[in-house]
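The values are calculated or read from the model by the stated rules, or taken from the named source; none is laboratory data. Note that the coordinates shown come from a computational prediction; the quantities given were computed from them, not determined experimentally. Neighbour counts are summed over all protein chains in view; Cβ atoms, including those assigned to glycine, are modelled from backbone coordinates with ideal geometry. Keep in mind that these areas ignore ligands, DNA and RNA; they rest on the heavy atoms of the full protein, side chains included. Shrake-Rupley method; radii C 1.70, N 1.55, O 1.52, S 1.80 Å.
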Amino acid sequence: MKKNEIVTLTIEDIGINGEGIGKVMNYPLFIKDAIVGDKIKARVIKAKKNYGYGRIEEIIEPSKDRVVPPCFIAEKCGGCQIQALSYEKQLEFKYNKVKQNLKRIGQVKEEVLDLVMEDIRGMKEPFRYRNKAAYPIGRNKEGKLMAGFYAGRTHSIIPVEDCLVGQEVNKEILKTILTFMQNHQIEPYNEQTQKGVLRHVLIRYGEATGEIMVCLIINAKSLKDSDKLVVELQKIAGIKSISLNINRENTNVIMGEKTLTLWGSPTITDYIGEVKFQISPKSFYQVNPAQTKVLYDLALEMADLSGKETVWDLYCGIGTISLFLSKKAKMVYGVEIVPQAIADAKENARINQIENAKFFVGKAEEVVPREQEKYGRAEVIVVDPPRKGLDETLIATMAQMSPDRIVYVSCDSATMARDVALLSEKGYELKRVVPVDQFPQTVHVETVVLITRNI
Ligand code: SAH
């Protein structure tokens, strides 16, 4: 197989990043945007010894699972990877991804998986779900100002006026900001030259309250004529908070340390179930409110609380799960590495009049070994780690604490499966696995897992 060769093949499988996989004389080709069942003509773009990458030249016969992506830039934009796959098949792909990881990495037997795995919880309307978007700002080749998203794996901006997984109001907000930039000669930041001012626009939406936050991330100490922008933005219904975030570093990290409120409140409010949350521009907050409720309800169900339990909520962010569980527990202890998130968690406990939650700042693998003995036996431990999963020291401490139940909320089923295997060596058994589709149209999947003590 050589570069630029044109081949005909049928797609037989889907890779972990959503790409189609087919074979030409036993040589596997990975093809972006191709779907299982598609018969295609493809161009080889990279040929390695045992496999290669290709691009669709022509779809000879489309798969029955292929749909027309509702977003016309779906293939260029790096945000969604599998819009061309029917939603039903997206869910099947995610379910199988979790299952395969538990089987291969977690060493869980097929018979066990058949017993413990439940259907994936999908959405009725798998668009318009995101409550947060961060748009990079730039100029196109013709010099026109634009807001958009990065193309997959690069930093070239694809202009996006109306992202279909985001809120409709974003379009109006972006238009207002771009017009303001035009009228007041505000330059977008240029990553190559590190000159220019406006880097990103962050928009957050409180689904339950309709409150909107707009935060402009700038490479400057202040924004010229910002009072004029505030007047324009205020005209948009729902705007509750307008702020500047200062980021003067040459970095891929979107936000800097300092945030200045230009107008309104420094936070917006949202509810998950009956618990109220104040969210600042920098705090981590789940992006799909409808599915967050599904996720947390499952966590609550698996925690099986009667009111007498001591619970640890590790990787607690702004205390969302901790506070969600606190009403049914004796006491909840939350641990989180970001100090601002813990400040938010304490404030969130206060505004909900929740007194049985205590929060610690620090690494879970350091705080828990040091603190846990002071607070009595924990019946339940909830963990919700980032993609890299749990630290081995933490797993050892958790086993020592010997809770009856561990509820594992995972955003990466490969590391979750690895941790399930480690916990099973310590006498813990997999009882329930429920994948939840927090991110329709993308290859990502969340899973809530119940692990209980054997003896
Ligand atoms: N449970 C929360 C947050 C989950 S995201 C929610 O549902 O909203 C994972 C969180 O883990 C992030 O807030 C991140 O800051 C935090 N984190 C990352 N590494 C950590 C560590 N070693 N110890 C404690 N928290 C950590």
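Numbers for the structure displayed
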read-out	value
For the chain, calculated [θ]222 nm from helices alone, where every DSSP H run of n ≥ 4 adds -39500 (n - 2.57)	-8000 deg cm²/dmol
Computed FRET value (nearest 0.05) for Ile354 with Asn190, which takes r as the C-beta separation and R₀ as 35 Å	0.15
Glu301 versus Asn252: modelled label distance in nm, points set 7 Å from Cα along the beta carbon direction	3.7 nm
Loop trypsin sites (Lys or Arg not before Pro), segment 377-440, which have at most 10 other Cβ atoms in a 10 Å radius of their Cβ (DSSP)	Lys388
Proximal aspartates and glutamates relative to Lys76, as straight alpha-carbon distance under 18 Å, when same-chain residues fewer than 8 apart are discounted	Glu19, Asp33, Glu57, Glu58, Glu161, Asp162
Amide proton proximity set for Arg432, modelled H, under 5 Å, gap of 5+	Leu450
GluC sites (Glu not before Pro) lying in DSSP loop within segment 278-376, provided at most 15 other Cβ fall within 10 Å	Glu355
Residues listed by number, segment 89-132, amide nitrogen under 20 Å from Asn454 label point at 7 Å toward C-beta	102-117
Sequence of Ser243, Ser402 from largest to smallest accessible area, 1.4 Å probe	Ser402, Ser243
Straight-distance crosslink candidates among aspartates and glutamates, where the alpha carbon sits under 19 Å from Lys221 and sequence neighbours closer than 8 are dropped	Glu187, Glu191, Glu249, Glu257
Calculated FRET value between Glu373 and Glu347, using beta carbons and R₀ = 35 Å, to 0.05	0.80
FRET E, pair Glu366, Lys221, Förster distance 41 Å, beta-carbon r, rounded to 0.05	0.70
Cα→Cβ-extended label distance, 7 Å offset, between Asp119 and Thr179, nm	4.6 nm
Relative contact order of the chain, pairs being alpha-carbon contacts under 8 Å that are 6 or more residues apart, as %	12 percent
Convex hull volume per residue in cubic angstrom - Cα atoms of segment 272-316	100 Å³
Restraint check, Lys3/Lys49; Lys276/Lys308; Lys240/Lys276; Lys276/Lys388, Cα-Cα greater than 19 Å	Lys276/Lys308; Lys276/Lys388
Accessible carbon and sulfur surface of segment 327-433 relative to its total accessible area, %, 1.4 Å	47 percent
Rounded D (µm²/s) - the chain, Kirkwood Rh over Cα pairs, Stokes-Einstein at 10 °C, 1.306 mPa s	66 µm²/s
Of every Cα-Cα pair in segment 88-158, the percent that sits beyond 22 Å	54 percent
Largest-first ellipsoid semi-axes for segment 267-381, taking √(5λ) over the Cα gyration tensor eigenvalues, angstrom	21, 17, 12
Sparse-neighbourhood loop sites, chymotrypsin sites (Phe, Trp or Tyr not before Pro) in segment 1-103 - DSSP loop, at most 11 other Cβ within 10 angstrom	Phe72
Cα shape, segment 8-91, gyration tensor, a/c 1.5 rule	prolate
Karplus (6.51, -1.76, 1.60) ³J(HN,Hα), θ = phi - 60°, over segment 133-148, in Hz, Gly and Pro reported as x	8, 10, 9, x, 10, x, 10, 7, 4, 7, x, 7, 5, 8, 10, x
For segment 9-155, convex hull volume per residue from C-alpha positions, Å³	173 Å³
Entries in Lys99/Lys330; Lys195/Lys224; Lys89/Lys293; Lys132/Lys358 that, when Cα-Cα distance is taken, lie over 26 Å	Lys99/Lys330; Lys132/Lys358
For segment 277-356 and segment 75-95, distance of Cα centres in Å	30 Å
Label point distance in nm, Ala134-Ile236, each placed 7 Å from Cα along Cα→Cβ	1.8 nm
